[in-house]
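For reference, the structure discussed in these notes is given below.
The values are calculated or read from the model by the stated rules, or taken from the named source; none is laboratory data. Just so it is clear, the structure is predicted and the values come from calculations on it, not from any experiment. All Cβ positions, glycine included, derive from the backbone under ideal geometry; neighbour counts span all protein chains shown.
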Amino acid sequence: MPTIHRRTFAAVVLAGLLLAPAGFATSATAAGSPTYLYANRSTGWGFSNTSLTSPGPNLEVEVGEHVTLNLTSLDGRNHNWFIDYNDNSVVDANESYSDSGTFRGNLQYDFTVGNQTGTFVYRSRFNGDGNLWGNITVRPAGFLGGLLGNPLLLAGIVAVIVAIVAVAIWARRRPRQPEEPPAE
C-alpha cells in the first residue's frame with residue numbers, strides 16, 4: 001500500500017475517533033429536560049407508573065442547576081417532594097426552596113438547586129409516606145465528574161488519547177526518506 005494511502009487512512013481513522021464522542025455525549029444534568037416522578041404511598045417513587053420502588057430512583061443535579069420535576073400522585077393521596085438535607089423528615093428553613101408543595105394529581109415543579117453538595121435524601125413529608133424517599137446527589141457546578149461521569153463520553157476520550165499516542169508512535173517509527181545531498 002503506498003504511503004499516501006496509509007496517511008490518508010490514518011487521518012480518517014483519527015478524525016473518526018475524535019468525532020465519535022460527540023455522537024455519544026449526553027447531558028450530565030437534568031437541565032433542559034423534565035424528570036417525571038410518580039408517587040405511591042405503599043410502593044414508593046419511580047420514573048414511570050410501573051417502576052415504583054423504595055428507595056426511589058437516584059437523582060443527580062449540580063449546584064445552581066434549574067430542575068423541572070413532573071410529579072404525579074398515583075394513589076390519589078396528598079404528597080410533596082423536597083430535599084431533606086439533614087434527614088429529619090421535616091422541611092426546614094434551609095430546605096424550603098426545594099419543597100414542591102402539596103400535590104394530589106399532577107404538579108410541574110421548578111426549582112434551582114442550592115449550593116450544598118453531597119448525597120441527600122429526597123422524600124415526601126406527609127405521615128404514612130415512609131416509602132416515598134430516594135437519594136439525590138448534588139455536585140458542584142461545572143464539576144468535572146459530571147463530564148467524566150458519563151461512561152460513553154469517558155470511553156470516547158480514552159479512545160481519542162490512545163489513537164493520538166498510536167499515531168504519534170507510528171509517525172516516529174516509520175521509515176524516513178534519506179535526505180538528498182546538496183546540489184553542487
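Please go through the range 103-118 and pick out each residue that is more than 10 Å from Leu71 (Cα to Cα) and surrounded by 12 or more Cβ atoms within 10 Å (Cβ to Cβ). Talk me through it step by step, then tell me what you get.
Taking the range 103-118 as the starting set, the residues that turn out to be more than 10 Å from Leu71 (Cα to Cα) are 110-118.
Phe111, Thr112, Val113, Gly114, Gln116, Thr117, listed by residue number.
Return the residues of the range 113-126 that are in a strand (DSSP E or B) and closer than 13 Å to Asp99 by Cβ; say none if nothing qualifies. Spell out the reasoning first.
Here is the first cut: in the range 113-126, the residues in a strand (DSSP E or B) are 118-123.
Answer for the range 113-126, where residues must be in a strand (DSSP E or B) and closer than 13 Å to Asp99 by Cβ: Tyr122, Arg123.
Just to check your reading of the model, which residue among Asn58, Asn88 is loosely packed, with under 13 Cβ neighbours inside 10 Å and touching a Gly at 6+ places or on another chain (Cβ under 7 Å)?
Details: Asn88 fails: touching a Gly at 6+ places or on another chain (Cβ under 7 Å).
Every option except Asn58 fails the conditions.
Search the range 80-93 for residues that are without any contact (Cβ under 8 Å) to a residue 24 or more places away in the chain and assigned by TED's automatic domain parsing to the domain that holds Thr68 and pair each with any residue that is of a type in the set (S, T, N, Q) and loosely packed, with under 15 Cβ neighbours inside 10 Å when their beta-carbon atoms are under 7 Å apart and the residues are at least 6 apart or on different chains.
Close Cβ pairs (under 7 Å, with a partner that is of a type in the set (S, T, N, Q) and loosely packed, with under 15 Cβ neighbours inside 10 Å) amount to Asp92/Asn86.
Taking only the range 127-143 into account, find how many residues are assigned to a loop (DSSP other than H, G, I, E, B) and either touching a helix residue (DSSP H, G or I) at 6+ places or on another chain (Cβ under 8 Å) or surrounded by fewer than 15 Cβ atoms within 10 Å (Cβ to Cβ) (or both).
Here is the first cut: in the range 127-143, the residues assigned to a loop (DSSP other than H, G, I, E, B) are 127-132, 140-143.
Then keep just the ones that are either touching a helix residue (DSSP H, G or I) at 6+ places or on another chain (Cβ under 8 Å) or surrounded by fewer than 15 Cβ atoms within 10 Å (Cβ to Cβ) (or both); that gives 127-128, 130, 140-142.
Total meeting the criteria: 6.
Out of the residues in the range 33-55 that are assigned to a strand (DSSP E or B) and of a type in the set (S, T, N, Q), state the one that is surrounded by the most Cβ atoms within 10 Å (Cβ to Cβ). Even if it seems obvious, please write down each step before you answer.
Filtering the range 33-55 down to residues assigned to a strand (DSSP E or B) leaves 35-40, 44-46, 53.
Of the ones still in play, those that are also of a type in the set (S, T, N, Q) are 35, 40, 53.
On the way: Thr35: 15, Asn40: 21, Thr53: 13.
Restricting to residues being assigned to a strand (DSSP E or B) and of a type in the set (S, T, N, Q), the top hit is Asn40.
Looking only at the range 117-144, filter to residues that are among the polar types (S, T, N, Q) and in contact (Cβ under 8 Å) with a residue 40 or more places away in the chain; which one of those is nearest to Arg41 (Cα to Cα)?
Step by step, filter the range 117-144, then rank; the result is Asn131.
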